[in-house]
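J.: Structure in structure tokens, see below.
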Protein chains: 2
Amino acid sequence: MNDALDSLRWTEDGLIPVIAQDAESGEVLMFAWMNREALAETVARGEAVYYSRSRGRLWPKGESSGHVQKVRELRVDCDRDVLLLKVEQIGGIACHTGRRSCFYTRFEGDAWHDVDPVLKDPKDIYGETS
Amino acid sequence: MNDALDSLRWTEDGLIPVIAQDAESGEVLMFAWMNREALAETVARGEAVYYSRSRGRLWPKGESSGHVQKVRELRVDCDRDVLLLKVEQIGGIACHTGRRSCFYTRFEGDAWHDVDPVLKDPKDIYGETS
């Protein structure tokens, strides 16, 4: 595993961007980051573990929502500096807004429009915590 | 257009990451960057114009290869800091290696393996320039 990790081009901060894609539908679900430990954990568990830059720690996807991402395939691009993770999205919801994908906002005319439905109220996903 | 650009979260360098996806097959083709000018040009032309960080200038995709990307849809994620560009890939080749997608390398066992075929020799795409 160390050789496979060493062959990647990490940022100065020791991170690599990750595109998460639904393995069945091909829908792009979200974009996040991993550090070496997150990627090693992802491979070991068979479930996506990202690195949260805002929280400064590992972020096992679905830890509070239950919306775990089962890894079906892992790829890297020709420059070895971007990962593509094909996943089975448990619960069918990747976005913290309760939508299937984080890319629910489309450019139309001259502006951005939210075009995809909220499938589950975030309050029902994460509970009333504030 | 300025309002739409202002509403995005650009990096300190004035860039935003872009995932290019085949609009028909859903295949993720490549990952690149845009600055404000590149995104405005992309919208105006209806063809992908990236910002090349290595060359420090606008990079109209396909300028030397002819492998232009016609824009079918433009989306942004919930954090407004990643773009998803759904495109028609002219020539069926997005990667400078002559492959359909830049993500042709799969993690299997404990190592990376190139699994997708070269569709056209890069020498025949770009000519013998060195």
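Values quoted throughout were computed directly from the atomic coordinates according to the rules given, and no laboratory measurement underlies them. Keep in mind that what you see is a predicted model, and the values were worked out from it rather than measured. As a convention, Cβ positions derive from the backbone with ideal geometry for all residues, glycine included, and neighbour counts pool all protein chains shown.
J.: For A:TYR50, which sequence-distant residues (separation of 5 or more, or a different chain) have an amide H within less than 5 Å of its own amide H, given hydrogens modelled in the peptide plane?
T.: So A:TYR50 has HN proximity to A:TRP59, A:LYS61.
J.: Kindly write out, for the stretch B:83-96 in residue order, the coupling ³J(HN,Hα) from the Karplus curve 6.51 cos²θ - 1.76 cosθ + 1.60 (θ = phi - 60°), rounded to whole Hz, with x marking Gly and Pro.
T.: With the stated coefficients, the stretch B:83-96 comes to 9, 10, 10, 8, 10, 9, 8, 5, x, x, 10, 9, 8, 5 Hz.
J.: Let me ask another. Defining a contact as two alpha carbons under 8 Å apart and six or more residues distant in sequence, what relative contact order in percent does chain A show?
T.: Values: 236 pairs, mean separation 26.9, N = 130.
Relative contact order for chain A comes out at 21 percent.
J.: Which angle from 0 to 90°, rounded to the nearest 10, does the C-alpha axis of helix B:36-45 make with the longest principal axis of chain B?
T.: On a 0 to 90 degree scale, this one is about 80.
J.: Copy-to-copy spacing for B:GLY109, label 7 Å out on the Cα-to-C-beta vector, in nm, shortest first?
T.: 5.7
J.: Answer rounded, prolate or oblate for chain A, using the Cα gyration tensor with square roots of eigenvalues a ≥ b ≥ c: rounded when a/c is under 1.5, else prolate when a/b is larger than b/c, else oblate. Could you put the intermediate results ahead of the total?
T.: Working: a/c = 1.81, a/b = 1.45, b/c = 1.25.
Because a/c hits 1.5 or more and a/b exceeds b/c, chain A counts as prolate.
J.: Here are some pairs, A:LYS70/B:LYS70; B:LYS86/B:LYS120; A:LYS120/B:LYS70; B:LYS61/B:LYS123; A:LYS86/B:LYS86; which of them have Cα atoms lying more than 25 Å apart in this structure? Show your work: numbers first, answer last.
T.: Numbers: A:LYS70/B:LYS70 33 Å; B:LYS86/B:LYS120 23 Å; A:LYS120/B:LYS70 34 Å; B:LYS61/B:LYS123 18 Å; A:LYS86/B:LYS86 18 Å.
In this structure, A:LYS70/B:LYS70; A:LYS120/B:LYS70 exceed 25 Å between Cα atoms.
J.: With θ set to phi - 60° and the Karplus curve 6.51 cos²θ - 1.76 cosθ + 1.60, what are the ³J(HN,Hα) couplings of the stretch A:102-115 in order, to the nearest whole Hz, using x for Gly and Pro?
T.: Karplus-based 3J(HN,Hα) across the stretch A:102-115 equals 6, 9, 9, 10, 10, 7, 9, x, 10, 8, 8, 9, 6, 10 Hz.
J.: Still on this structure: With all distinct Cα pairs included, what does the Kirkwood hydrodynamic radius of the protein assembly as shown come out to in Å, to one decimal, could you say? Intermediate results must be reported in sequence, preceding the final value.
T.: Details: mean 1/r = 0.0525 Å⁻¹.
Its Kirkwood hydrodynamic radius stands at 19.0 Å.
J.: Taking GluC sites (Glu not before Pro) as exposed when DSSP calls them loop (any state but H, G, I, E, B) and at most 13 other Cβ atoms lie within 10 Å, what is the longest stretch of chain A free of them, the sites themselves excluded? The partial results should precede the final answer.
T.: Values: sites that count: A:GLU12, A:GLU24, A:GLU63, A:GLU128.
With GluC sites (Glu not before Pro) excluded where exposed in loops, chain A gives A:64-127 as its longest stretch.
J.: Starting from 0.36 nm per residue, how many nanometres of slack lie between B:ASP13 and B:LYS120 once their C-alpha separation is accounted for? Walk me through the intermediate numbers first.
T.: On the way: separation 107, 0.36 × 107 = 38.52 nm, distance 3.48 nm.
Separation in residues times 0.36 nm, less the Cα-Cα distance, equals 35.0 nm.
J.: Write out the trypsin sites (Lys or Arg not before Pro) in the stretch A:1-49 meeting two conditions: DSSP loop, and at most 12 other Cβ atoms within 10 Å of their Cβ.
T.: Values: sites: A:ARG9, A:ARG36, A:ARG45; in loops: A:ARG9.
For trypsin sites (Lys or Arg not before Pro) across the stretch A:1-49 that sit outside H, G, I, E and B with at most 12 neighbouring Cβ atoms in 10 Å, the list reads A:ARG9.
J.: For B:GLU73, list long-range residues whose amide hydrogen, built 1.01 Å from N in the peptide plane, is under 5 Å from its own amide hydrogen.
T.: B:LYS86
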